[in-house]
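A.B. asks: Could you have a look at this structure, given as structure tokens, before my questions?
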Amino acid sequence: MKRFIVLLIALTLLVPAFAHGATKVKVGFINSITGPEAPIGENLSNGVTLALEDLKKQGIDVDLVKEDDTGKPEKAMAAFEKLSTRDNVAGIVGPYTSKCAAAISKLAEKYKTALLIPVSSKEDITKQGLKWTFRLSATTEDYATILLGMAQTLGKPKTMAIINENTDFGTSGAKSAKEYAAKHGLTVVAEEAYAPGSPDYRSTLASIKGKNPNVVFMVSYVADAILLMRQSREIGLSPQAFLGAGAGFDTVQLAKEQEISNNVFSSTQWTRDVNWPGAKSFADRYVKAFGKEPTYHASTAYESMIIMAQTAAKAASNRDRVRDLLRKGKWNGLMGEVAFIDYSGYTNQNHHQMLVEQIQHGKHETVWPPKFAGKKPVYPFPGWGK
Amino acid sequence: MSILIQALISGILIGGVYALIGIGLTIIFGVMRVINFAHGDLLMLGMYATYYLFAAAHVDPFLSIVITTPLMFLCGAFLQKTIINRVLDALPQNQILLTIGLGLIMSNTIMLAFTSDYKILSTKYSSSSMHVGGISISSPLVISFAITAAITAALYWFLLKTDTGQAIRATAQDREAARLMGINVKRMSIIAFGLGSSLAATAGALISPTYYIFPQVGSVFTLKAFVITVLGGMGSVVGATLGGVLIGIAESVGGVYFGSGWKEVVVFVLFLLVLLFKPSGLLGKSRT
Amino acid sequence: MARYVRIALITLALGGLIVLPLYVESTYVLHMMILIFINVIVGSSWNILGGFTGQYSVGHAAYFGVGAYTTMILMQFKHVAPWWGVWAGTGVAVVTALIIGSICFRLRGPYFVLASIAVAEIFRVSALNLKNITNGAEGILVTEVPPLTVGKTLITDWASKVPFYFTGLIFMVMIIVVTALVRRSKLGYYFQAIREDQDAAHSLGINPTIYKNTALAISAVFTSLAGSLYGVYVGFIDPSTVLALDLSVQIVMICIIGGIGTIVGPVVGAALLVPLSEALRSNAITDALIKAGVVSAESKVGAFLKENLAHAHVLIYGILVVIVILFMPDGVIGFFRKFGARRRTA
């Protein structure tokens, strides 16, 4: 009888150990679900969805609280407050746009809740010396540096024309390109900022063609990239290289338009064929689940959610611990090696390696830097075919 | 110099599409004095209809206007009968808010149904162009221009020579007098809105091979439509045609001289100048 | 309503608002209140021009943006504290208003509306392009708001929301007082005369140009105060947030839905629209429905609502606007007034 009771007690003590299945964490996610940025915001949501599936397999049960910032900074602020004070999440991933990220970066400090920004590119956000804000992606200046660095290595361009959309991303991209040009002996012969959504860029492109630039540096989101390339072909603009910085050039839709997109370069945070662990399988899964190729928005959101949820689980949802672990941690996933460090005036910034893709025969191929490249770049631009 | 000519030609061609949008709005405003902020969204509906006809049934966008135009006419007529009709006598700001609300409903319903993804309608001739003396002319735009001209001519004939057309013009000129003359002004309003909607949708169809499609695309065009309508003179079809082409040219050439960032300002400044010095528009008649 | 009752109610409401931060700690609620205050201010300001004087400007974002930019530029680039900067902002707003007025007031009705839109858009695009002044599309990010000290005592370092709450409250009280004063004054009568029939008013000796511009100037001053407060509070502005057409439309909407031409109208409008828009945006309504047991979270309807209601919030907003315009054209206040009148005569 005594032995039986001891056995019973022992078993009862073991039950919690067996019942300890998944770790539960509560994570907040702020995104542009509606509003003008919704098309790209959707990529982030999809990336997060896949992340949640993977986390579940790892034994981490994420209670995700989604908030829509509609692209407006004050709504992002309301969302952050709600997540931090009412939902009591362990950490927050997001938002998408730079202006929303700028508005809430200081809130992270105020409410001592870690904020992991997946892909907003405005440099200033992580140059404020904030201890609770972390960023995964490279910043705007990196978009320009990698493209122009490549161009100067492959050819000897002397002149550059800049076309950028008149938005935050476009203007800071143009600024970075100009700074690079000043430091590296490139002359900017034309600089045109356009309002996105315009149906006709022909006159702009014609005046750029007149200045005969060696390379054309373009910063575009949305489908303006398609219009710009289409109309460049019409006008007969044919420089040594088309350097596209920005999501517009990264899209599958542009790649499909082979007549106009062949041999266009674009700088990107991630490609499907880069040799980082899990990149390709992620891309395949994404296509299967959502019917289209993932963009780097999806991959950065995925990795950010993985990092945040894993960290929250390790820290048992203690916010100070989360911040501490983010600061000290190292990861190596489909975004390559990730560590949040301080450098060049940045705080908690992951020194992310940007990549350059080139559209070759309707597909995006990683061509630069050589260490991560799958194919060789075609330079200079062979001209518009028939 | 060739840059200027290039700008001029592209401006004229895109102006043709603008003109179609403006004509639709001018008919609506002329007949009903309603400021239709949902006009761009009607264009958007036309674009989506064209896209799905192309994607599902491979109907060429230019040919599909045979289907889209009458369809959108019915749509517009329905909208007028059920909703817009109630605010014809309301304060202008209420009309504006109502049409804004309608526009929001239209664009968000489409967004929920088809997601906000950008849709590209790429035809074999989307990127083709002709080269004349160093100037490149976009082929699809030339075709749209031709179709626009044809539609404008047909519309003009309709307004001048048919009874219904003249009834519409009468209503636009003086609603009360027309009513006294036995014209069913309610019916005229329905026809006018239907007509305006179908023209906007047609413009959308015409521009879809060379532009891109997403739920909020309308907002870009609504404001421009107003500028064109006022420029040409509220209620004047020929005025709107001229206005459209003028705005196209102003944008294009302005972009070359002031930098593309200032393009919109050129259009708005032109707009204000016209409003100040000839408020009835280039071809409008002076009317309080 | 009897005069004493009205005074008592106002005192009660004001008192409640003043002590609210003492009892309510939730920063979320404070944030909502600040947004409501800002919306009341812009709605009431617009009311003076649109409701009283009958000039329906759909370009009021111009003044909001001018206030925001002036204050932010002075604070970030010239290190002028915002409590001086906002007054510079109002100065610039008045000058802007007079310029815009001189262009637009020659036009009537829908032409005036369109001109006001065009002008606001010119401001927005100019702000985008004049990068040296406004930092263009990159916007202005606040790095630090200087602490407010009187003599040696520190009043606030702007770290919490409470000082912003009180600033908003003070501005809001100011505009409401001004609105009430204008309404009962000769100025108010001139405004309303112009609204009813501008030509008749003119023939009676009321100079429309002077009075329309006065109304616009008053309206611009307070709209710019709201813009300045918004800028410093949110900490970031760019042309697409403070000079956008959407904002101008929102301002008009607050006033019309609340009840145009009344003093309380914009207050009601803001108090309705701000929480509603937030409730729609977050999942509050779905959560409430689930909690109330109307819909179960696992059911198909529940899951559908949870996934899509948030996405559909703009759609719902649009539907509401249409319904209000069709069935409550005098706004909420007007609707209740009519309702009350009907009951009284019954």
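A.B. asks: Please count how many residues of the stretch A:204-227 are at pLDDT below 85, closer than 25 Å to residue C:127 by Cβ and at the interface with chain B (Cβ under 7 Å from one of its Cβ atoms).
C.D. replies: Just the residues of the stretch A:204-227 that are at pLDDT below 85, to begin with: A:221-223.
After this cut, where a residue has to be closer than 25 Å to residue C:127 by Cβ as well, the list is A:221-222.
So of that shortlist, the ones also at the interface with chain B (Cβ under 7 Å from one of its Cβ atoms) come out as A:222.
Selection size over the stretch A:204-227: 1.
A.B. asks: Collect the residues in the stretch C:181-231 that are without any contact (Cβ under 8 Å) to a residue 40 or more places away in the chain and closer than 30 Å to residue C:241 by Cβ, keeping them in residue-number order. Show your work before the answer.
C.D. replies: First, the residues of the stretch C:181-231 that are without any contact (Cβ under 8 Å) to a residue 40 or more places away in the chain: C:181, C:184-187, C:189-190, C:193, C:197, C:199-207, C:210, C:214.
Listed by number, the list holds a single entry, C:214.
A.B. asks: Out of all the residues in the stretch A:187-227, which are in a strand (DSSP E or B), aliphatic (A, V, I, L, M) and within 17 Å of residue B:254 (Cα to Cα)? Walk me through how you get there before you give the answer.
C.D. replies: Our first condition is that a residue be in a strand (DSSP E or B); within the stretch A:187-227, this holds for A:187-194, A:215-219.
Then drop every residue that is not aliphatic (A, V, I, L, M), which leaves A:188-190, A:193, A:215-216, A:218-219.
Within the stretch A:187-227, A:190, A:193 meet the criteria.
A.B. asks: Sticking with this structure for a sec: Residues of the stretch C:234-246 being at pLDDT 90 or above and in a helix (DSSP H, G or I), which ones?
C.D. replies: C:239, C:242
A.B. asks: Hey, another quick one. Condition (residue is of a type in the set (Val, Ile, Thr) and crowded, with 22+ Cβ neighbours inside 10 Å) applied to the stretch A:165-172: is it met by at least one residue?
C.D. replies: Quick first cut of the stretch A:165-172, residues of a type in the set (Val, Ile, Thr) only: A:167, A:171.
From the residues that got through so far, the ones that are crowded, with 22+ Cβ neighbours inside 10 Å too are A:167, A:171.
Yes, there is a match, as at least one residue in the stretch A:165-172 is of a type in the set (Val, Ile, Thr) and crowded, with 22+ Cβ neighbours inside 10 Å.
A.B. asks: A further question follows. Kindly indicate whether residue A:265 is in contact (Cβ under 8 Å) with a residue 40 or more places away in the chain and within 19 Å of residue A:190 (Cα to Cα). Show your work before the answer.
C.D. replies: Working: in contact (Cβ under 8 Å) with a residue 40 or more places away in the chain: yes; within 19 Å of residue A:190 (Cα to Cα): no.
Criteria not met by residue A:265.
A.B. asks: Looking at the stretch A:139-164, which of its residues are in contact with a His (Cβ under 8 Å, 6 or more places away or on another chain), surrounded by fewer than 23 Cβ atoms within 10 Å (Cβ to Cβ) and closer than 22 Å to residue A:238 by Cα? So that I can check it myself, show each step before the final result.
C.D. replies: Residues of the stretch A:139-164 in contact with a His (Cβ under 8 Å, 6 or more places away or on another chain): A:142, A:148, A:152.
Next, from what is left, pick out any that are surrounded by fewer than 23 Cβ atoms within 10 Å (Cβ to Cβ): A:142, A:152.
Correct list: A:152 only.
A.B. asks: Out of all the residues in the stretch B:247-265, is one or more away from chain A (no Cβ under 11 Å), closer than 25 Å to residue B:43 by Cα and crowded, with 24+ Cβ neighbours inside 10 Å?
C.D. replies: Yes, because at least one residue in the stretch B:247-265 is away from chain A (no Cβ under 11 Å), closer than 25 Å to residue B:43 by Cα and crowded, with 24+ Cβ neighbours inside 10 Å.
A.B. asks: Follow-up. Can you find, within the stretch B:1-56, the residue that is modelled with the highest pLDDT among those that are outside any helix (DSSP H, G or I) and hydrophobic (A, V, I, L, M, F, W, C)? Let's see the steps before the verdict.
C.D. replies: The initial filter retains those residues of the stretch B:1-56 that are outside any helix (DSSP H, G or I), namely B:1, B:33-38.
Filter once more, keeping what is hydrophobic (A, V, I, L, M, F, W, C): B:1, B:34-35, B:37-38.
Details: B:1: 76, B:34: 84, B:35: 81, B:37: 89, B:38: 92.
Among residues in the stretch B:1-56 that are outside any helix (DSSP H, G or I) and hydrophobic (A, V, I, L, M, F, W, C), the one modelled with the highest pLDDT is B:38.
A.B. asks: Looking only at the stretch C:104-144, count every residue that is away from chain B (no Cβ under 11 Å) and either in contact with a Cys (Cβ under 9 Å, 6 or more places away or on another chain) or at positive phi (or both) and tell me the total.
C.D. replies: Residues meeting the conditions: 2.
A.B. asks: If I ask for residues that are within 16 Å of residue A:350 (Cα to Cα), assigned to a helix (DSSP H, G or I) and aliphatic (A, V, I, L, M), which ones from the stretch A:304-336 would you list?
C.D. replies: A:305, A:306, A:307, A:308, A:325, A:326
A.B. asks: Okay, moving on. Of all residues in the stretch C:23-46, which are polar (S, T, N, Q), part of a helix (DSSP H, G or I) and within 12 Å of another protein chain (Cβ to nearest Cβ)?
C.D. replies: Restricting attention to the stretch C:23-46, the residues satisfying the condition of being polar (S, T, N, Q) are C:26-27, C:39, C:44-45.
Filter again for part of a helix (DSSP H, G or I), leaving C:27, C:39, C:44-45.
Within the stretch C:23-46, C:27, C:39 qualify.
A.B. asks: If you take the residues in the stretch B:13-39 that are closer than 16 Å to residue B:207 by Cα and away from every other protein chain (no Cβ under 11 Å), which one is surrounded by the fewest Cβ atoms within 10 Å (Cβ to Cβ)?
C.D. replies: Looking only at the stretch B:13-39, we keep the residues that are closer than 16 Å to residue B:207 by Cα, and these are B:13-24, B:39.
Of the ones still in play, those that are also away from every other protein chain (no Cβ under 11 Å) are B:16, B:19-24, B:39.
Numbers: B:16: 25, B:19: 32, B:20: 32, B:21: 32, B:22: 34, B:23: 33, B:24: 32, B:39: 30.
The selected residue is B:16.
A.B. asks: Just checking, how many residues over the stretch A:337-386 are under 25 Å from residue A:116 (Cα atoms) and among the small types (Gly, Ala, Ser)? Give the derivation first.
C.D. replies: Filtering the stretch A:337-386 down to residues under 25 Å from residue A:116 (Cα atoms) leaves A:337-356.
Those still in the list that are among the small types (Gly, Ala, Ser) too: A:339, A:344-345.
Looking only at that region, the number is 3.
A.B. asks: Go over the candidates A:26, A:57, A:75, A:106 one by one and state the one that is more than 19 Å from the chain's Cα centre (by Cα), under 25 Å from residue C:318 (Cα atoms) and of a type in the set (Lys, Arg). Spell out the reasoning first.
C.D. replies: Numbers: A:26 fails: under 25 Å from residue C:318 (Cα atoms); A:57 fails: under 25 Å from residue C:318 (Cα atoms); A:106 fails: under 25 Å from residue C:318 (Cα atoms).
That would be A:75, the only listed residue that is more than 19 Å from the chain's Cα centre (by Cα), under 25 Å from residue C:318 (Cα atoms) and of a type in the set (Lys, Arg).
A.B. asks: Let me ask another. Just to be sure I understand, how many residues within the stretch A:43-82 are more than 10 Å from chain C (Cβ to nearest Cβ) and in a helix (DSSP H, G or I)? Give the steps one after another, and end with the answer.
C.D. replies: First, the residues of the stretch A:43-82 that are more than 10 Å from chain C (Cβ to nearest Cβ): A:43-64.
Next cut, in a helix (DSSP H, G or I) only: A:43-57.
Qualifying residue count, the stretch A:43-82: 15.
A.B. asks: Where in the stretch A:338-386 are there strands (runs of 3 or more DSSP E), lying wholly inside it, with at least 3 residues that are touching a strand residue (DSSP E or B) at 6+ places or on another chain (Cβ under 8 Å) and over 24 Å from residue A:300 (Cβ atoms)?
C.D. replies: none
A.B. asks: If we keep just the residues of the stretch B:212-223 that are over 9 Å from the mean Cα position of the chain (by Cα) and more than 10 Å from chain A (Cβ to nearest Cβ), which is nearest to residue B:43 (Cα to Cα)? Walk me through it before giving the result.
C.D. replies: Start the filter on the stretch B:212-223 by keeping residues that are over 9 Å from the mean Cα position of the chain (by Cα), which leaves B:212-220, B:223.
From what is left, the residues that are more than 10 Å from chain A (Cβ to nearest Cβ) are B:218, B:223.
Values: B:218: 6, B:223: 13 Å.
Across the stretch B:212-223, the extreme among qualifying residues is B:218.
A.B. asks: Of the conditions (1) buried (at least 20 other Cβ atoms within 10 Å of the Cβ); (2) under 26 Å from residue C:96 (Cβ atoms); (3) of a type in the set (D, E, K, R); (4) within 14 Å of chain A (Cβ to nearest Cβ), residue C:281 fails just one. Which one is it?
C.D. replies: If we test residue C:281 against (1) buried (at least 20 other Cβ atoms within 10 Å of the Cβ); (2) under 26 Å from residue C:96 (Cβ atoms); (3) of a type in the set (D, E, K, R); (4) within 14 Å of chain A (Cβ to nearest Cβ), just (2) comes out false.
A.B. asks: So which residues in the stretch C:198-233 are of a type in the set (S, T, N, Q) and in a loop (DSSP other than H, G, I, E, B), if there are any at all? I'd like the intermediate steps shown before the answer.
C.D. replies: Residues of the stretch C:198-233 of a type in the set (S, T, N, Q): C:198, C:203, C:207, C:209, C:213-214, C:219, C:223-224, C:228.
Residue satisfying the conditions is C:207 alone.
A.B. asks: Go over the candidates C:4, C:63, C:69 one by one and state the one that is at pLDDT below 90 and in a helix (DSSP H, G or I).
C.D. replies: On the way: C:63 fails: at pLDDT below 90; C:69 fails: at pLDDT below 90.
When all the criteria are applied, what remains is C:4.
A.B. asks: From the set of residues in the stretch B:80-113 that are more than 11 Å from every other protein chain (Cβ to nearest Cβ) and part of a helix (DSSP H, G or I), which is nearest to residue B:21 (Cα to Cα)? Quick ask: steps written out before the conclusion?
C.D. replies: Step one: list which residues in the stretch B:80-113 are more than 11 Å from every other protein chain (Cβ to nearest Cβ), which gives B:80-81, B:88.
Going one step further and asking which of them are part of a helix (DSSP H, G or I), we end up with B:80-81.
On the way: B:80: 18, B:81: 21 Å.
For the stretch B:80-113, the residue satisfying everything is B:80.
A.B. asks: Let me ask something additional. So, in the stretch A:228-261, exactly how many residues are within 8 Å of chain B (Cβ to nearest Cβ), touching a residue at least 60 places away in the same chain (Cβ under 8 Å) and assigned to a helix (DSSP H, G or I)?
C.D. replies: Of the residues in the stretch A:228-261, 3 are within 8 Å of chain B (Cβ to nearest Cβ), touching a residue at least 60 places away in the same chain (Cβ under 8 Å) and assigned to a helix (DSSP H, G or I).
A.B. asks: In the stretch A:154-174, which residues are farther than 19 Å from residue A:204 by Cα and within 25 Å of the chain's Cα centre (by Cα)? Break it down into steps so the answer makes sense when it comes.
C.D. replies: Of the residues in the stretch A:154-174, the ones farther than 19 Å from residue A:204 by Cα are A:154-158, A:168-169, A:172.
Answer for the stretch A:154-174, where residues must be farther than 19 Å from residue A:204 by Cα and within 25 Å of the chain's Cα centre (by Cα): A:168, A:169, A:172.
A.B. asks: Moving on. When the stretch B:164-190 is examined, which residues are found to be among the charged types (D, E, K, R), within 24 Å of the chain's Cα centre (by Cα), assigned to a helix (DSSP H, G or I) and farther than 13 Å from residue B:27 by Cα?
C.D. replies: To start, the set of residues in the stretch B:164-190 that are among the charged types (D, E, K, R) comprises B:169, B:174-176, B:179, B:186-187.
Filter again for within 24 Å of the chain's Cα centre (by Cα), leaving B:169, B:174-175, B:186-187.
Those still in the list that are assigned to a helix (DSSP H, G or I) too: B:169, B:175, B:186-187.
If the condition is that a residue be among the charged types (D, E, K, R), within 24 Å of the chain's Cα centre (by Cα), assigned to a helix (DSSP H, G or I) and farther than 13 Å from residue B:27 by Cα, then B:175, B:186, B:187 are the ones that fit.
A.B. asks: Is it true that residue A:201 is buried (at least 23 other Cβ atoms within 10 Å of the Cβ), within 14 Å of another protein chain (Cβ to nearest Cβ) and either of a type outside the set (A, V, I, L, M, F, W, C) or over 27 Å from residue C:126 (Cα atoms) (or both)? Even if it seems obvious, please write down each step before you answer.
C.D. replies: Working: buried (at least 23 other Cβ atoms within 10 Å of the Cβ): yes; within 14 Å of another protein chain (Cβ to nearest Cβ): yes; either of a type outside the set (A, V, I, L, M, F, W, C) or over 27 Å from residue C:126 (Cα atoms) (or both): yes.
The answer is yes for residue A:201.
A.B. asks: Filter the stretch B:24-37 down to the residues that are hydrophobic (A, V, I, L, M, F, W, C) and more than 12 Å from residue B:224 (Cα to Cα) and list them by number.
C.D. replies: Across the stretch B:24-37, the qualifying residues are B:27, B:28, B:29, B:31, B:32, B:34, B:35.
The values are calculated or read from the model by the stated rules, or taken from the named source; none is laboratory data. As the structure is a prediction and not an experimental result, all values here were calculated from the model. Cβ coordinates were reconstructed from backbone atoms using ideal geometry, including for glycine residues, and neighbour counts include every protein chain displayed.
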